[in-house]
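The values are calculated or read from the model by the stated rules, or taken from the named source; none is laboratory data. Note that this is a predicted model, so its numbers are computed, not measured. Here the Cβ positions follow ideal geometry from the backbone for every residue, glycine too, while neighbour counts run over all protein chains shown.
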Amino acid sequence: MVAQSSVALNSKTYRLFTSPSYDVVIEPQGGKRLVRVETRDPSIFVLRRQVLTSYPDDLISLINRIKGPGYLCDEIARDGDPTYVKGWLEADLSGFFRPEQFVGKRILDFGSGAGASTVALRALFPGAEVEGVELDADLREIALARARYHGFDPACFWLAPDGEHLPAGIGRFDLVVLSAVWEHLLPKERPMILWQIWSLLRPEGYLFINQTPYRWSPLENHTTSLPLLNYLPDGLALRAARKFCGNVRPDETWEELLRRGIRGGTPSEIKGLIRSMGGKARLLTPSGMGISDMIDLWYSRSGAGRLHALKHCVWMALKGVKLLTGMQILPSLTMVAQKKA
């Protein structure tokens with residue numbers, strides 16, 4: 001049981017939460033606060049241990065209650081770090097769209113989660129009406145609090161009644177965004193969810209998908225980080241994941257791994273599902289800034305860190321595969337499908 005605490009550690013630093021296994025420590029720094037997770041139990045997984053933020057204590061407390069210490073700092077960073085969710089969305093969206101295209105238009109963040117991607121989309125498309133829809137009521141609670149923190153109407157966040165229906169009165173949109181969503185849908189759910197999304201789009205509207213692992217990438221880089229796993233049949237992939245990945249439990253089921261995102265997607269899969277529903281879609285090619293295909297788009301956001309040289313080698317290899325086979329094999333999927341009238 002975690003208890004809230006305001007015990008000062010010195011004149012500035014204090015514990016916001018304390019428990020037998022971990023503390024959440026707040027340290028003011030230059031007008032902001034450094035949030036730090038300190039664990040006493042080595043078995044507690046913490047994705048990110050500290051983050052600098054302007055969030056007030058009540059919003060930090062809410063995120064900690066819902067997401068737990070393992071994802072507290074990461075969830076805060078998803079909103080506050082401009083190179084994180086906002087940076088990814090901006091890099092991918094700019095390959096296809098200009099902000100002025102959606103002035104006066106409606107954009108839906110489908111599977112908006114705790115609202116970080118919706119907040120980012122509002123900043124990237126200031127002339128558009130941006131809304132989010134989410135199935136998880138707890139995550140939506142964080143999104144509502146984020147909306148109040150950023151000073152916009154929390155009513156822009158819709159709660160879906162269940163996994164098979166959309167909220168009544170949600171209307172239609174010019175752009176629907178699925179950011180890090182598609183891979184978490186089970187194979188049996190994908191046609192049903194895609195039908196819902198497609199029905200939300202106005203004629204000539206756009207479906208945008210990013211931050212999804214590419215199904216046929218040589219490295220399964222989302223759930224296990226195992227090479228060649230994407231090419232194994234489901235049963236063998238499950239056995240390999242259990243044996244060679246420390247992040248997978250020995251008793252974990254294939255459906256649990258599918259829900260975690262072990263099988264990504266491809267443009268042909270999504271276009272085929274749209275066609276099977278009687279819809280017509282045109283896949284857009286990214287353009288601008290020297291980008292000529294999806295491989296260039298992926299490489300354009302590879303950054304200039306110490307892994308840049310490795311990513312450049314991967315880029316050249318992927319370009320070579322495309323030249324020889326015509327196939328675009330990607331580490332991650334970014335795509336836009338336009339709804340034909």
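General remarks:
- Across region 118-139, the qualifying residues are those that are among the hydrophobic types (A, V, I, L, M, F, W, C) and part of a helix (DSSP H, G or I), and the one among them that is nearest to Y84 (Cα to Cα) is A120.
- In region 47-57, the residues that are at pLDDT 95 or above and of a type outside the set (K, R): Q50, V51, L52, T53, S54, Y55, P56, D57
- Residue among K311, K271, K280, K319 that is under 16 Å from Y214 (Cβ atoms), over 18 Å from the mean Cα position of the chain (by Cα), assigned by TED's automatic domain parsing to the domain that holds R202 and basic (K, R): K271
- Residue within region 199-219 that is without any contact (Cβ under 8 Å) to a residue 40 or more places away in the chain and either assigned by TED's automatic domain parsing to the domain that holds G163 or surrounded by fewer than 21 Cβ atoms within 10 Å (Cβ to Cβ) (or both) present: yes
- Unmet criterion (only one of (1) touching a Gly at 6+ places or on another chain (Cβ under 9 Å); (2) not assigned by TED's automatic domain parsing to the domain that holds P191) for A237: (1)
- Hey, F17 touching a Leu at 6+ places or on another chain (Cβ under 6 Å) and aromatic (F, W, Y) or not: no
- Failed item, numbered, when S302 is tested on (1) assigned to a loop (DSSP other than H, G, I, E, B); (2) at pLDDT 85 or above: (2)
- Note on region 1-117: enclosed helices (runs of 4 or more DSSP H) holding 2 or more residues that are more than 30 Å from I170 (Cβ to Cβ) are 57-67, 72-80.
- Matching entry among T39, T13, T83 (being hydroxyl-bearing (S, T, Y), closer than 30 Å to L333 by Cβ and surrounded by fewer than 18 Cβ atoms within 10 Å (Cβ to Cβ)): T83
- Scanning region 175-197 for residues that are charged (D, E, K, R) and surrounded by 19 or more Cβ atoms within 10 Å (Cβ to Cβ) yields a count of 1.
For every residue, the table says whether it meets (1) farther than 23 Å from I197 by Cα; (2) surrounded by fewer than 21 Cβ atoms within 10 Å (Cβ to Cβ).
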{"position": "I66", "(1), (2)": "yes, yes"}
{"position": "G70", "(1), (2)": "yes, yes"}
{"position": "R98", "(1), (2)": "no, yes"}
{"position": "L108", "(1), (2)": "no, no"}
{"position": "A120", "(1), (2)": "no, no"}
{"position": "E131", "(1), (2)": "no, no"}
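- Residues within region 159-208 that are among the charged types (D, E, K, R) and more than 26 Å from P99 (Cβ to Cβ), tallied: 6
- Selected residue [in a helix (DSSP H, G or I) and in contact with a strand residue (DSSP E or B) (Cβ under 6 Å, 6 or more places away or on another chain)] from K271, K243, K311, K319: K271
- Yes/no for G290 being within 30 Å of S199 (Cα to Cα), surrounded by fewer than 17 Cβ atoms within 10 Å (Cβ to Cβ) and at pLDDT below 95: no
- Any chance L238 is over 17 Å from R190 (Cα atoms) and either at pLDDT 95 or above or part of a helix (DSSP H, G or I) (or both): yes
- G169 vs. criteria among the small types (G, A, S), in the same structural domain as V46 (by TED's automatic domain parsing) and out of contact with any Asp or Glu (no Cβ under 9 Å at 6 or more places or on another chain): no
- Residue tally, condition out of contact with any strand residue (DSSP E or B) (no Cβ under 6 Å at 6 or more places or on another chain) and either buried (at least 21 other Cβ atoms within 10 Å of the Cβ) or part of a loop (DSSP other than H, G, I, E, B) (or both), over region 222-235: 6
- Filtered residue count, region 145-199, keeping only those that are in contact with a strand residue (DSSP E or B) (Cβ under 6 Å, 6 or more places away or on another chain), under 21 Å from A114 (Cβ atoms) and of a type in the set (D, E): 1
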